[in-house]
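**Q** Can you read through this structure? Questions will come right after.
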Amino acid sequence: MRLIGGTSGEVGGEVGGVPRYRGSVRVSFPAALSLRGLEPGDPAGRPHGHDFTAVLVFESTTLVYPGVVVDDDMRTEIPPHLAPRHAYRALARLFDRPPTCEAIAEHLATWHRRSARPPGHARLVAVTVRTGSGDHGEIHLPAPAGTST
C-alpha cells in the first residue's frame, strides 16, 4: 500500500488543519426477517424478505495510491465476507434482539472491528443499512480514545 499526501490550500472537512477523506464499501444481500412483539396482524411480524444494502464508511487523513481512502483490496475483501454470511438467512435467528436496520448496522460494525483486516490508514466511522422498501438505520462510531476528530 503506497500512501500519498493530502491536498494543499483550504479544504472543507478539515479538523485541526488536517484534511479528512471518506470512502465507502457497499455490500448488498437479500435476507428474511420477522419482528416479534408487534401488534397482532402487523405484517412485519410475519417472516418476510428484504434486499439489504450496507455501506461501510471509512475515514482517513491520508490516501492510498492513486488517491483513495478505500482501495481495491478493501472492495474485494469485505463484500465476500459479509454477503454470504447474511444472504438468504433468517436474520431473527442471528440476533438476540429484533433485526432492525440499526441492529444490523451495529452487527456489521462489530464484525469489522473483530474480524476484518484493518486497512492501516483508515478507520471505520459509520455503517448505514437500508432495505429496498426504504427502511434505514445507521451507527456512527466514536474515534478511539486519545485521537482528535
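The values are calculated or read from the model by the stated rules, or taken from the named source; none is laboratory data. Values in this document were obtained by computation on a predicted structure and should not be read as measured data. Neighbour counts are summed over all protein chains in view; Cβ atoms, including those assigned to glycine, are modelled from backbone coordinates with ideal geometry.
**Q** Only one of these is within 29 Å of P19 (Cβ to Cβ), surrounded by fewer than 18 Cβ atoms within 10 Å (Cβ to Cβ) and touching a Cys at 6+ places or on another chain (Cβ under 8 Å): H121, H136, H140. Name it.
**A** Numbers: H121 fails: touching a Cys at 6+ places or on another chain (Cβ under 8 Å); H140 fails: touching a Cys at 6+ places or on another chain (Cβ under 8 Å).
Exactly one of H121, H136, H140 is within 29 Å of P19 (Cβ to Cβ), surrounded by fewer than 18 Cβ atoms within 10 Å (Cβ to Cβ) and touching a Cys at 6+ places or on another chain (Cβ under 8 Å), namely H136.
**Q** If you don't mind, there's one more thing I want to ask. With the structure loaded, tell me whether R117 is out of contact with any strand residue (DSSP E or B) (no Cβ under 8 Å at 6 or more places or on another chain), of a type in the set (K, R) and without any contact (Cβ under 8 Å) to a residue 24 or more places away in the chain or whether it fails that test. It would help to see each step written out before you state the result.
**A** On the way: out of contact with any strand residue (DSSP E or B) (no Cβ under 8 Å at 6 or more places or on another chain): yes; of a type in the set (K, R): yes; without any contact (Cβ under 8 Å) to a residue 24 or more places away in the chain: no.
In short, no.
**Q** Of the conditions (1) within 24 Å of Y21 (Cα to Cα); (2) touching a Gly at 6+ places or on another chain (Cβ under 8 Å), A109 clears all except one; give me its number.
**A** For A109, the failing item is (2).
**Q** Something else about it: Restricted to segment 45-70, and to residues that are of a type in the set (G, A, S) and surrounded by fewer than 21 Cβ atoms within 10 Å (Cβ to Cβ), which residue is modelled with the lowest pLDDT? Steps first, please.
**A** Narrowing segment 45-70 to residues of a type in the set (G, A, S): 45, 49, 54, 60, 67.
When the remaining residues are screened for being surrounded by fewer than 21 Cβ atoms within 10 Å (Cβ to Cβ), the result is 45, 49, 67.
Numbers: G45: 76, G49: 85, G67: 88.
Per the criteria, the residue is G45.
**Q** Condition first: among the polar types (S, T, N, Q) and modelled with pLDDT under 65. Now tell me which residues in segment 4-34 satisfy that.
**A** Passing the criteria: T7, S8.
**Q** Now for a separate question. How many residues does segment 62-72 hold that are assigned to a helix (DSSP H, G or I) and either of a type in the set (S, T, Y) or in contact with a strand residue (DSSP E or B) (Cβ under 9 Å, 6 or more places away or on another chain) (or both)?
**A** Of all residues in segment 62-72, those assigned to a helix (DSSP H, G or I) come to 72.
Narrowing further to those that are either of a type in the set (S, T, Y) or in contact with a strand residue (DSSP E or B) (Cβ under 9 Å, 6 or more places away or on another chain) (or both): none.
Of the residues in segment 62-72, 0 are assigned to a helix (DSSP H, G or I) and either of a type in the set (S, T, Y) or in contact with a strand residue (DSSP E or B) (Cβ under 9 Å, 6 or more places away or on another chain) (or both).
**Q** Determine whether H107 is at pLDDT 90 or above and over 14 Å from the mean Cα position of the chain (by Cα).
**A** Working: at pLDDT 90 or above: yes; over 14 Å from the mean Cα position of the chain (by Cα): no.
Taking the combined requirement at face value, the residue does not satisfy it.
**Q** Search segment 46-61 for residues being out of contact with any Phe, Trp or Tyr (no Cβ under 8 Å at 6 or more places or on another chain) and outside any strand (DSSP E or B), and hand back the single one that is farthest from T131 (Cα to Cα).
**A** R46
**Q** Here is a follow-up. Would you please name the residue that is surrounded by the fewest Cβ atoms within 10 Å (Cβ to Cβ), looking only at residues in segment 93-104 that are more than 16 Å from the chain's Cα centre (by Cα) and either modelled with pLDDT of 90 or more or more than 15 Å from P30 (Cβ to Cβ) (or both)? Full working, then the answer.
**A** Applying the first criterion (more than 16 Å from the chain's Cα centre (by Cα)) to segment 93-104 yields 93-98.
Applying the additional criterion that residues be either modelled with pLDDT of 90 or more or more than 15 Å from P30 (Cβ to Cβ) (or both) yields 93, 95-98.
Values: R93: 10, F95: 14, D96: 5, R97: 10, P98: 16.
The qualifying residue surrounded by the fewest Cβ atoms within 10 Å (Cβ to Cβ) is D96.
**Q** Still on this structure, please answer the following. For A90, indicate whether it is at pLDDT below 90 and either of a type in the set (A, V, I, L, M) or surrounded by 19 or more Cβ atoms within 10 Å (Cβ to Cβ) (or both).
**A** On the way: at pLDDT below 90: yes; either of a type in the set (A, V, I, L, M) or surrounded by 19 or more Cβ atoms within 10 Å (Cβ to Cβ) (or both): yes.
Answer is yes for this residue.
**Q** Next question, about the same structure. Within segment 110-136, which residues are part of a loop (DSSP other than H, G, I, E, B) and either among the charged types (D, E, K, R) or modelled with pLDDT under 85 (or both)?
**A** The initial filter retains those residues of segment 110-136 that are part of a loop (DSSP other than H, G, I, E, B), namely 116-122, 132-135.
Those that are part of a loop (DSSP other than H, G, I, E, B) and either among the charged types (D, E, K, R) or modelled with pLDDT under 85 (or both): A116, R117, P118, P119, G120, H121, D135.
**Q** Mind checking which pairs have a first residue in segment 29-43 that is among the polar types (S, T, N, Q) and a second that is part of a helix (DSSP H, G or I), Cβ under 9 Å, 6 or more apart or different chains?
**A** Matching pairs, first to second residue: S34/A44; S34/G45; S34/L91; S34/A92.
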